[in-house]
1. Among the listed residues 58, 54, which satisfies the condition of being in a loop (DSSP other than H, G, I, E, B) and either modelled with pLDDT under 90 or not acidic (Asp, Glu) (or both)?
2. Among the numbered criteria (1) touching a Gly at 6+ places or on another chain (Cβ under 7 Å); (2) of a type outside the set (Ser, Thr, Tyr); (3) not in a loop (DSSP other than H, G, I, E, B), which one does residue 3 miss?
3. Looking at (1) under 13 Å from the mean Cα position of the chain (by Cα); (2) in a loop (DSSP other than H, G, I, E, B), which is the one condition that is false for residue 8?
4. Filter region 11-36 down to residues that are surrounded by 10 or more Cβ atoms within 10 Å (Cβ to Cβ) and outside any strand (DSSP E or B), then give me how many there are.
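The values are calculated or read from the model by the stated rules, or taken from the named source; none is laboratory data. Quick caveat, the model's predicted, so the values are computed rather than measured. We place every Cβ from the backbone using ideal geometry, glycine too, and count neighbours over all the protein chains shown.
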Amino acid sequence: MSENAKVFINPKSGSIRITGSIDRVDSDGNVIGTLENPKFCGCGQSKEKPLCDGSHKGLLKEK
């Protein structure tokens, strides 16, 4: 039995980190890839959207 993935949301940056494996699927439900421990952008500044590239770190320092 596999362990469920866990989701963590950073309240400061809004980034969403998932621990574990997740499948990417197309609109028909076909698996098109698998991501391990992905982190998604919550601030809108990432150049790798929807994935986080750490751009929020500069924003947090400015505040």
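1. Details: 58 fails: in a loop (DSSP other than H, G, I, E, B).
Exactly one of 58, 54 is in a loop (DSSP other than H, G, I, E, B) and either modelled with pLDDT under 90 or not acidic (Asp, Glu) (or both), namely 54.
2. (3)
3. Every listed condition holds for residue 8 apart from (2).
4. Counting residues in region 11-36 that are surrounded by 10 or more Cβ atoms within 10 Å (Cβ to Cβ) and outside any strand (DSSP E or B) gives 5.
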